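Below is one structure; the comments refer to it alone.
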Amino acid sequence: AQSVSQHNHHVILSEAASLELGCNYSYGGTVNLFWYVQYPGQHLQLLLKYFSGDPLVKGIKGFEAEFIKSKFSFNLRKPSVQWSDTAEYFCAVNSPWGGSQGNLIFGKGTKLSVKP
Amino acid sequence: IAGITQAPTSQILAAGRRMTLRCTQDMRHNAMYWYRQDLGLGLRLIHYSNTAGTTGKGEVPDGYSVSRANTDDFPLTLASAVPSQTSVYFCASRPGLITGELFFGEGSRLTVL
């Protein structure tokens, strides 16, 4: 079965610091990869997604992620975080094939706290 | 504004009671999903429906049932609520299975006492 691992449970940064959140997945075939963000008290919103092509994906609000197939990783990065980036971040993966019908599997999430 | 509507937003329920969480989308998406979100566990899939008339079990289906009579509605029913079902429930949809992001509703916070 597929699984998604997010390495950090809680990350605390000061404003302007650089961010990298780790995500590894277990499925070895073709995958679609996503990062979602959940601001306090809100629902999940898509930050960025990778389906194919350039492994460096740019999303909203200055976020980007790099797909490294050999490492089964899809790490999220931002060069300089802001207080408004305080949120929980979820990595998700789905396989277009297989008995699970392509359902998204989510990691447990990483809470990011940015100190002003 | 097109999107997903969930109701109720919040509910406190006595154990043993029956409860239905409603979910309606107006985007004509084929696939719909119910997730529960618990602290430290992320989102876990309860049930899904790839198209109207079909449903399937996710990772944590026990104690829950769903139906998909039409494209727009995907209610989640707790037949006899238990305290371990205290959670935030999110309904989601997407146009198809192969590609496409999930669109989420605002969530329903359920407390079972």
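Here, each number is a calculation from the coordinates, and none is a lab measurement. It should be emphasised that the depicted structure is a prediction, and the values quoted were computed from it without experimental measurement. Quick reminder, even Gly has a Cβ in these numbers, built from the backbone with ideal geometry, and neighbours come from all protein chains shown.
Some points to look at:
- Inter-label distance for A:ILE68 and B:ARG18, nm, one decimal - labels placed 7 Å from Cα along Cα-to-Cβ: 5.4 nm
- As a calculated quantity, the FRET efficiency between A:TYR39 and B:THR5 at R0 = 22 Å, using C-beta atoms, amounts to about 0.70.
- Backbone HN-Hα couplings from phi across the stretch A:13-24 [Karplus 6.51/-1.76/1.60, Hz, Gly and Pro as x]: 10, 8, 4, 6, 6, 8, 10, 9, 10, x, 8, 10
- Calculated diffusion of the stretch B:4-112, Stokes-Einstein form, Kirkwood radius summed over Cα pairs, 20 °C and 1.002 mPa s, µm²/s: 156 µm²/s
- Under 13 Å, Cβ to Cβ, from A:PHE67 - net charge with Lys/Arg +1 and Asp/Glu -1: +2
- The stretch A:54-79 and the stretch A:1-26: distance between their alpha carbon centers, rounded to Å: 12 Å
- For chain A, Kirkwood radius (reciprocal of mean inverse C-alpha pair distance, Å): 14.3 Å
- Dipole magnitude (debye, nearest 20) for the stretch B:23-75, charges at Cβ of Lys, Arg, Asp, Glu: 100 debye
- Placing pseudo-labels 7 Å out from each Cα toward the beta carbon at A:GLU15 and A:ARG77 gives an inter-label distance of 2.4 nm.
- The charge dipole of the stretch B:4-112, taken about its Cα centre with unit charges on the Cβ of Lys, Arg, Asp and Glu (plus for the first two, minus for the last two), comes to roughly 200 debye.
- nm² value of the averaged projected area, convex hull over the Cα atoms of the protein assembly as shown: 12.4 nm²
- FRET efficiency for B:ALA69 and B:ARG28, using Cβ-Cβ distance with R0 set to 22 Å, rounded to 0.05: 0.90
- Length available on full extension from B:THR111 to B:SER80: 0.36 nm per residue minus the Cα-Cα distance, which gives 9.8 nm.
- Extreme residue, positive dipole direction of the protein assembly as shown, given options A:SER52, A:PRO40, B:SER87 (C-beta unit charges): B:SER87
- GNM flexibility winner over chain B from B:GLY58, B:GLY40, B:GLY16 (Cα, springs under 10 Å): B:GLY40
- In this rough spin-label picture, where each label sits 7 Å from Cα along the Cβ direction, the B:THR54-A:LEU56 distance is 4.0 nm.
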